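Below you'll find the structure, written out as structure tokens, and then a few comments.
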Amino acid sequence: MAIKYTIPRGTFDVLPKDSYKWEIIEAKFRHIATRFGYREIITPIFEHAEVFERSVGDSSDIVQKEMYRFTDRKGRIFALRPEGTAPVIRSYVENNLGQDNQIAKLFYIGPMFRYDRPQAGRSRQFSQFGIECIGTNNPYYDAETIQVFYVFLKDLGLKNFSVEVNSVGCESCSQTYNQALIKYFEPHLDALCNDCKNRLNNNPKRLLDCKIKTCQAITKNAPIMIDYLDDNCKEHFQQVQNYLKIMKVPFTVNPHIVRGLDYYTNTAFEFINNNLGAQNALGGGGRYNKLVEQFGGKHTPSVGFAGGTTRLLLSMENENLLDGLEPFPVVYFIALGDNAKIKAIEMVSWLRQNNIHVEFDLDRTSLKSQLKNADRLNASYAFILGEDELNKNICLQKNLKTGEQIELPLDNYRELYSMNL
Ligand code: AMP
């Protein structure tokens, strides 16, 4: 008996009935990013594992628990990319994209891989879209980055989401804050979950976004970063907020936004949809001023975000924003009889070459079943060509929305059809 294969756990097929939704989201993202001056960058699906280990951080969940790490036939250690920023920065440095001292504005769309526990809105292969604005510390660009995400979601028609911003400070204010956090959490050590216990000394900020209720209760009264920002960081954060107000991007300050990756400095933000359940972040990002240096480039402050396509799709479905957007044929061509089929092949070829979406099923023989199929596919017109029509040198054009039927002469069908459709 033949073996039936199943898809790997945590992955999914995007079936034809859904693939157009992905196309809509990706096309819109490309459009918006381009409108803001971003150019697409396409990096490989796998990189040297060190690209992530050094940048995302050895102590991060992504590197410790979630990365698909493998050895190739020559013993080199690679990883399927778990996120998009590190590869973009690797490429930026390798290809000297900053050589003219211009800001590099780059966007990407593509699959990422994390060995996560699968659940609604969380899978092991997922698609992300993101932008990176490389080469400026101006807080205007932190705000503009947030604005790109905001305009994108608004243009898709989404209403149910919020923008939450925070500052995680620079390296030096972050250190003072970490000490304050350790001091605060240490007396509660026994009540913390195991992950939090382990994180307390090497990455105490991560305790702030633990999802476990008992940890959250303790976190509620923890010191907040904003009280530990030095003057420069405070000013930077204030300016980001001012720009967002000028841009009319509504936001709230949430001191518990810390982001899971080690490389963030100053601004951190998330886009939240509370209707999505536990996995409620549509995306997030922030400023990462040290990353380019870590990759061997010169000091190059940068800011960016990444969002997840699946959660966006779920949000759009919840708000019925994808109804009626499935592509539909303009013409459903029905040919009945051998001679009519030959003529139909000629006509269908011409219509398709002229940019008209035509459905044509040479194997079906019944008029009734084909009309039913045309209806199911939501076609605008049925073209019907049988022996009778052929003898009269005409083709029937039936408007499937109004039922109106006209006869089109076959002689000059090219001219007529390009006018009519
Ligand atoms: P992160 O890089 O973890 O901040 O992720 C940015 C966005 O990517 C998240 O807000 C999600 O929308 C999406 N994302 C991250 N991990 C997953 C996953 N395992 N499955 C589906 N989407 C994900």
Could you tell me whether any residue of the stretch 167-181 is open to solvent by 20 Å² or more (accessible area, probe 1.4 Å) and outside any helix (DSSP H, G or I)? yes
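For ARG30, indicate whether it is assigned to a loop (DSSP other than H, G, I, E, B) and out of contact with any Phe, Trp or Tyr (no Cβ under 7 Å at 6 or more places or on another chain).
On the way: assigned to a loop (DSSP other than H, G, I, E, B): no; out of contact with any Phe, Trp or Tyr (no Cβ under 7 Å at 6 or more places or on another chain): yes.
No; evaluated as a whole, the condition is false for this residue.
Evaluate the following for TYR20: is it under 15 Å from the mean Cα position of the chain (by Cα) and open to solvent by less than 80 Å² (accessible area, probe 1.4 Å)?
Details: under 15 Å from the mean Cα position of the chain (by Cα): yes; open to solvent by less than 80 Å² (accessible area, probe 1.4 Å): yes.
Yes; evaluated as a whole, the condition is true for this residue.
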Limited to the stretch 329-358, what total is found for residues that are open to solvent by 50 Å² or more (accessible area, probe 1.4 Å) and over 24 Å from ASN391 (Cα atoms)? 5
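What do you reckon, is PRO87 assigned to a helix (DSSP H, G or I), within 14 Å of the ligand (Cβ to nearest atom) and not hydroxyl-bearing (Ser, Thr, Tyr)? Before you say what the answer is, go through the steps one by one.
Numbers: assigned to a helix (DSSP H, G or I): yes; within 14 Å of the ligand (Cβ to nearest atom): yes; not hydroxyl-bearing (Ser, Thr, Tyr): yes.
It is true that PRO87 is assigned to a helix (DSSP H, G or I), within 14 Å of the ligand (Cβ to nearest atom) and not hydroxyl-bearing (Ser, Thr, Tyr).
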List the number of the failed condition for THR71; all other conditions in (1) open to solvent by less than 60 Å² (accessible area, probe 1.4 Å); (2) without any contact (Cβ under 8 Å) to a residue 24 or more places away in the chain; (3) away from the ligand (no atom under 16 Å from the Cβ); (4) β-branched (Val, Ile, Thr) hold. (1)
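Name the residues in the stretch 215-241 that are farther than 16 Å from SER172 by Cβ and either open to solvent by 70 Å² or more (accessible area, probe 1.4 Å) or small (Gly, Ala, Ser) (or both), would you?
Initial filter on the stretch 215-241 (farther than 16 Å from SER172 by Cβ): 215-224, 238-241.
Residues satisfying the conditions are GLN216, ALA217, LYS220, ASN221, ALA222, GLN238.
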For the stretch 37-55, what are the residues that are without any contact (Cβ under 8 Å) to a residue 40 or more places away in the chain, surrounded by fewer than 18 Cβ atoms within 10 Å (Cβ to Cβ) and farther than 17 Å from ASN95 by Cβ? PHE46, GLU50
Could you list all residues from the stretch 239-288 that are under 17 Å from THR145 (Cβ atoms), away from the ligand (no atom under 16 Å from the Cβ) and in a loop (DSSP other than H, G, I, E, B)? MET247, LYS248, VAL249, PRO250, PHE251
Testing GLY277 on (1) in the same structural domain as ASP155 (by TED's automatic domain parsing); (2) more than 21 Å from the chain's Cα centre (by Cα); (3) over 24 Å from ILE109 (Cβ atoms), one condition comes back false. Which one is that? (2)
Just wondering, is there one or more residues in the stretch 291-301 that are within 16 Å of the ligand (Cβ to nearest atom) and either touching a residue at least 24 places away in the same chain (Cβ under 8 Å) or touching a strand residue (DSSP E or B) at 6+ places or on another chain (Cβ under 8 Å) (or both)? yes
Filter result for the condition that a residue is hydrophobic (A, V, I, L, M, F, W, C) and either assigned to a strand (DSSP E or B) or on the phi > 0 side of the Ramachandran plot (or both), over PHE185, PHE129, PHE149: PHE129
Any idea which residue in the stretch 193-223 is farthest from GLY277 (Cα to Cα), counting only those that are aliphatic (A, V, I, L, M) and without any contact (Cβ under 8 Å) to a residue 40 or more places away in the chain? LEU200
Selection within the stretch 4-44 - in contact with a helix residue (DSSP H, G or I) (Cβ under 9 Å, 6 or more places away or on another chain) and hydrophobic (A, V, I, L, M, F, W, C): PHE12, VAL14, TRP22, ILE24, ILE25, PHE29, ILE32, ALA33, PHE36, ILE41
Out of contact with any Leu (no Cβ under 9 Å at 6 or more places or on another chain), more than 14 Å from the ligand (Cβ to nearest atom) and either assigned by TED's automatic domain parsing to the domain that holds PRO82 or not hydrophobic (A, V, I, L, M, F, W, C) (or both), is that true of GLY324? yes
Take ILE77 and decide whether it is over 23 Å from VAL258 (Cα atoms), away from the ligand (no atom under 14 Å from the Cβ), in the same structural domain as SER302 (by TED's automatic domain parsing) and in contact with a Gly (Cβ under 6 Å, 6 or more places away or on another chain). no
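What is the residue count in the stretch 104-119 for residues that are part of a strand (DSSP E or B) and either exposed (fewer than 15 other Cβ atoms within 10 Å of the Cβ) or outside the structural domain of ARG35 (by TED's automatic domain parsing) (or both)?
Restricting attention to the stretch 104-119, the residues satisfying the condition of being part of a strand (DSSP E or B) are 104-113, 119.
Next, only the ones that are either exposed (fewer than 15 other Cβ atoms within 10 Å of the Cβ) or outside the structural domain of ARG35 (by TED's automatic domain parsing) (or both) stay: 111, 119.
Residues flagged as part of a strand (DSSP E or B) and either exposed (fewer than 15 other Cβ atoms within 10 Å of the Cβ) or outside the structural domain of ARG35 (by TED's automatic domain parsing) (or both) within the stretch 104-119 amount to 2.
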If SER349 passes every condition in (1) of a type in the set (S, T, N, Q); (2) in contact (Cβ under 8 Å) with a residue 12 or more places away in the chain; (3) farther than 13 Å from TYR332 by Cβ; (4) not in a loop (DSSP other than H, G, I, E, B) but one, which one does it miss? (2)
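The values are calculated or read from the model by the stated rules, or taken from the named source; none is laboratory data. Keep in mind that what you see is a predicted model, and the values were worked out from it rather than measured. Here the Cβ is made from the backbone with ideal geometry for all residues, glycine too, and neighbour counts use every protein chain on show. Quick note on the areas: whole protein, heavy atoms, side chains included, nothing else; ligands and nucleic acids left out. Shrake-Rupley method; radii C 1.70, N 1.55, O 1.52, S 1.80 Å.
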